[in-house]
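A.B. asks: Just passing along the structure, written as structure tokens.
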Amino acid sequence: MRLRVLQLGSPTGLYGAERWILALIKYLDPEKVETIVGVIRDDPALSAPLLSEAQKLGFETVAINAYGRFNPEAVKKLRAYLKEKGIHILHTHGYKQDLAGFLATRGLKTKIIATPHGWSKEPDFKLAVYETLNRLVFLGLDKVVPLSKEIYQGLLRIPGLKRKLTLIVNAVDLSEIEAVKDVPEEVLARKKEGFFILGYIGQLIHRKGLDILLKALSHKELSDCFLFVVGEGPLKNELKALAKKLGLFSRVAFTGYREDRLNFLRGFDVFVLPSRLEGIPRCLMEAMGMGKPVVASAIEGVMDLIPEDGEGGLLFPVEDAHALAQKIAIFKGDQKLRENISQKARQIVAEKFSAERMAREYEALYQSLFS
């Protein structure tokens with residue numbers, strides 16, 4: 001049976017969850033799954049880059065326009081679309097999409113599954129309420145498919161949810177990574193000046209621990225390092241202020257969101273992920289898949305990729321800026337070590353975290369809902 005599946009993502013940007021959707025749909029067998037990619041656009045200013053990227057890959061897309069924080073029209077319009085298109089499975093990503101999908105599928109034959117991509121480490125009150133409601137909504141879905149053991153174990157604590165859980169581990173599109181060769185001019189310029197290039201790619205939010213990275217950069221052993229922070233987020237101005245306070249402003253570039261993020265990654269000497277909390281971080285998989293030396297915090301999710309210090313990357317204790325600086329300094333002073341660990345990193349991702357493997361598991365899960 002060929003199933004028609006609507007992937008419902010966020011209109012706000014191309015971050016981990018949106019990149020994940022694109023990696024999945026690229027490798028789903030079109031003879032088994034017909035894919036449509038959609039967003040609920042709650043602000044007319046949002047460009048919904050997920051849709052434009054899906055269109056480039058040749059997929060049908062839909063934008064459901066319902067402006068406002070939570071407009072009941074979103075549920076009404078989504079429900080009408082599911083009926084009109086005869087959608088067999090609605091696959092949602094994010095708490096707003098999960099809730100709208102849950103309400104829209106009530107009484108329909110459409111099955112609904114959600115992939116939780118992670119939650120905030122220290123959410124504010126409003127976000128904590130949304131995320132708690134999100135977990136309760138899961139009880140009304142057909143399947144919930146966490147992408148890391150940590151998220152899976154956390155969801156097991158919700159009474160009655162275990163029977164709906166299926167763990168399908170996160171993955172990355174290696175072909176996309178391997179195709180990237182060029183390095184942005186701003187990175188090449190810093191290299192010519194003699195800097196050792198550090199880089200981070202992702203959202204500028206508390207759980208990513210960028211304040212820890214900036215504090216590490218202020219250590220004297222990293223005085224010849226330049227840091228590129230690629231991404232957007234609510235902490236951008238706060239992080240810029242911290243960089244200035246630490247006397248780092250001439251050695252840190254906040255690039256904002258960049259479509260050529262992988263080109264930046266190609267130019268980094270070391271990729272750094274100082275997170276306080278992660279699922280299985282996509283940015284880390286991309287860096288390892290590209291064969292980049294990586295330094296990351298020793299937390300669950302990260303350690304699914306780097307099981308111990310030196311096995312695919314270097315690990316440091318979470319929140320410890322001094323230890324992070326030391327690990328970066330080790331890499332900076334030992335090119336042979338960087339090469340050896342990078343080779344192992346590439347092997348880990350190719351063997352265990354490929355998008356092809358993930359797509360086969362999702363095809364089986366989709367089919368199981370109609371067997």
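A.B. asks: Only residues that are at pLDDT 95 or above and either on the phi > 0 side of the Ramachandran plot or not in a loop (DSSP other than H, G, I, E, B) (or both): list them for segment 23-40, please. Steps first, please.
C.D. replies: Quick first cut of segment 23-40, residues at pLDDT 95 or above only: 24-40.
Answer for segment 23-40, where residues must be at pLDDT 95 or above and either on the phi > 0 side of the Ramachandran plot or not in a loop (DSSP other than H, G, I, E, B) (or both): 24, 25, 26, 27, 33, 34, 35, 36, 37, 38, 39, 40.
A.B. asks: Quick test for you: out of 78, 46, pick the one residue that is at pLDDT 95 or above and either over 21 Å from residue 171 (Cβ atoms) or not in a loop (DSSP other than H, G, I, E, B) (or both). If you could, list the steps in order and put the result at the bottom.
C.D. replies: Details: 46 fails: at pLDDT 95 or above.
Result: 78 is the single residue among 78, 46 that is at pLDDT 95 or above and either over 21 Å from residue 171 (Cβ atoms) or not in a loop (DSSP other than H, G, I, E, B) (or both).
A.B. asks: So how many residues does segment 294-313 have that are free of Cβ contacts under 8 Å to residues at least 60 places away in the same chain and open to solvent by 10 Å² or more (accessible area, probe 1.4 Å)?
C.D. replies: 8
So that you can scan it fast, the table gives a plain yes or no per residue for (1) among the charged types (D, E, K, R); (2) in a helix (DSSP H, G or I); (3) without any contact (Cβ under 8 Å) to a residue 12 or more places away in the chain; (4) touching a Phe, Trp or Tyr at 6+ places or on another chain (Cβ under 6 Å):
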{"site": "199", "(1), (2), (3), (4)": "no, no, no, yes"}
{"site": "207", "(1), (2), (3), (4)": "yes, yes, no, no"}
{"site": "221", "(1), (2), (3), (4)": "yes, yes, no, no"}
{"site": "227", "(1), (2), (3), (4)": "no, no, no, no"}
{"site": "241", "(1), (2), (3), (4)": "no, yes, yes, no"}
{"site": "254", "(1), (2), (3), (4)": "no, no, no, no"}
{"site": "283", "(1), (2), (3), (4)": "no, yes, no, no"}
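A.B. asks: Only one residue in 275, 250 is in contact with a Lys or Arg (Cβ under 6 Å, 6 or more places away or on another chain), of a type in the set (Ser, Thr, Tyr) and either at pLDDT 95 or above or outside any loop (DSSP other than H, G, I, E, B) (or both), so which one is that?
C.D. replies: Details: 250 fails: in contact with a Lys or Arg (Cβ under 6 Å, 6 or more places away or on another chain).
The match here is 275.
A.B. asks: Can you confirm whether segment 123-135 contains a residue that is modelled with pLDDT of 95 or more, outside any loop (DSSP other than H, G, I, E, B) and within 28 Å of residue 364 (Cβ to Cβ)? Talk me through it step by step, then tell me what you get.
C.D. replies: We begin by selecting, within segment 123-135, every residue modelled with pLDDT of 95 or more; these are none.
So far as segment 123-135 goes, no, none of its residues is modelled with pLDDT of 95 or more, outside any loop (DSSP other than H, G, I, E, B) and within 28 Å of residue 364 (Cβ to Cβ).
A.B. asks: Could I ask something else about it? Residues of segment 53-69 being out of contact with any Asp or Glu (no Cβ under 8 Å at 6 or more places or on another chain) and either open to solvent by 50 Å² or more (accessible area, probe 1.4 Å) or part of a loop (DSSP other than H, G, I, E, B) (or both), which ones?
C.D. replies: Listed by number, the residues that qualify are 55, 56, 57, 58, 59, 60, 65.
A.B. asks: Return the residues of segment 163-205 that are under 15 Å from the mean Cα position of the chain (by Cα) and open to solvent by 60 Å² or more (accessible area, probe 1.4 Å); say none if nothing qualifies.
C.D. replies: Matches in segment 163-205: 203 only.
Per-residue answers, yes or no, for (1) modelled with pLDDT of 95 or more; (2) surrounded by fewer than 22 Cβ atoms within 10 Å (Cβ to Cβ); (3) not polar (S, T, N, Q):
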site: 3; (1), (2), (3): yes, yes, yes
site: 21; (1), (2), (3): yes, no, yes
site: 72; (1), (2), (3): no, yes, yes
site: 83; (1), (2), (3): yes, yes, yes
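The values are calculated or read from the model by the stated rules, or taken from the named source; none is laboratory data. Computed from a predicted model, the values in this text were never measured in an experiment. Glycine gets a Cβ as well: all are built from the backbone with ideal geometry, and neighbour counts include every protein chain shown. Areas reflect the complete protein model, heavy atoms only, side chains present, ligands, DNA and RNA absent. Shrake-Rupley method; radii C 1.70, N 1.55, O 1.52, S 1.80 Å.
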